[in-house]
1. How far is it, in nm, from the label point at S42 to the one at D171 when both lie 7 Å from their Cα along the line to the Cβ?
2. Quick one: net charge around N128, please, counting Lys, Arg +1 and Asp, Glu -1 for every other residue with C-beta under 12 Å from its C-beta.
3. Helix 84-102: angle to the longest alpha-carbon principal axis of the chain, degrees 0 to 90, nearest 10?
4. At R0 = 35 Å, how high is the FRET efficiency between K23 and R153 if r is their beta carbon distance? Nearest 0.05 is fine.
5. Relative to the first principal axis of the alpha-carbon coordinates of the chain, what is the inclination of helix 138-150, with its axis defined by its Cα atoms, in degrees from 0 to 90 and to the nearest 10?
6. Between E74 and D123, 0.36 nm times their residue separation minus their Cα-Cα distance comes to what?
7. Where does the charge balance sit around W58 when Lys and Arg score +1, Asp and Glu -1, over other residues with C-beta under 14 Å from its C-beta?
8. Rg/Rh for region 126-176 to two decimals, with Rh computed the Kirkwood way over all alpha-carbon pairs.
Amino acid sequence: MKSKKLRISGVGDVLLERSNRAKHMSLSIRPFRGARVAVPRSVSFAAAEKFAHSKTSWIKKHLEKMVSIEKQAEVLKESKPIDKIEAGKYLVERLNELCCRNGFKYHRVFVKNQKTRWGSCSDKNNINLNVNLVRLPDELIDYVILHELVHTRVKNHSNRFWEALSKFVEDPKSLDKKLRQYTLG
């Protein structure tokens, strides 16, 4: 059996799912997906059920946060449609302004309707920006753009990366946390 649904009173369904990559049981909660326990091959579903029950209060607490994130996502989806051409122009213009102001260079830029990322930077310093960024507050748009521009210099999320980013953005970890309150659905 690859997966099993467990109903916990006061919580609802929790998905118990076999994972070839998991070495230990882990619990996660995702918007629109709910609670999930990754179950390694060496662990029984009975043990996973016991683990999930032991985490009931944690699940309840985090599911409440997910409800507000899901509501925000619905509001974003219901807002007026994005003019992708105008959004692309705005984002590229903002990218170029932040490059000039802060001494960054990139190779190429692509504005796409991505499902899972707000932005990314390739090994060749190509910047990808999500067209849906225009729905976010200005400070988060700038944060994402600067985050990707710093990746042109530091290709990972090490302490060195966060230190470099903090030279351009005040309290980047706080902004990263705010960004996580928004979901791409």
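Throughout, read-outs are computed from the coordinates displayed, never taken from laboratory work. Everything quoted here is computed from the prediction, not taken from an experiment. Here the Cβ is made from the backbone with ideal geometry for all residues, glycine too, and neighbour counts use every protein chain on show.
1. Rounded to a tenth, the inter-label distance reads 4.3 nm.
2. Details: positive: R108, K112, R117, K124; negative: E148.
Computed value for this residue: +3.
3. Orientation of helix 84-102: about 70 degrees from the principal axis.
4. On the way: r = 33 Å, r/R0 = 0.94.
Using R0 = 35 Å, I get an efficiency of 0.60.
5. With both axes taken from Cα atoms, the answer is about 80 degrees.
6. 14.2 nm
7. Around W58, the surrounding residues sum to +4.
8. Details: Rg = 10.8 Å, Rh = 11.3 Å.
Answer for region 126-176: 0.96.
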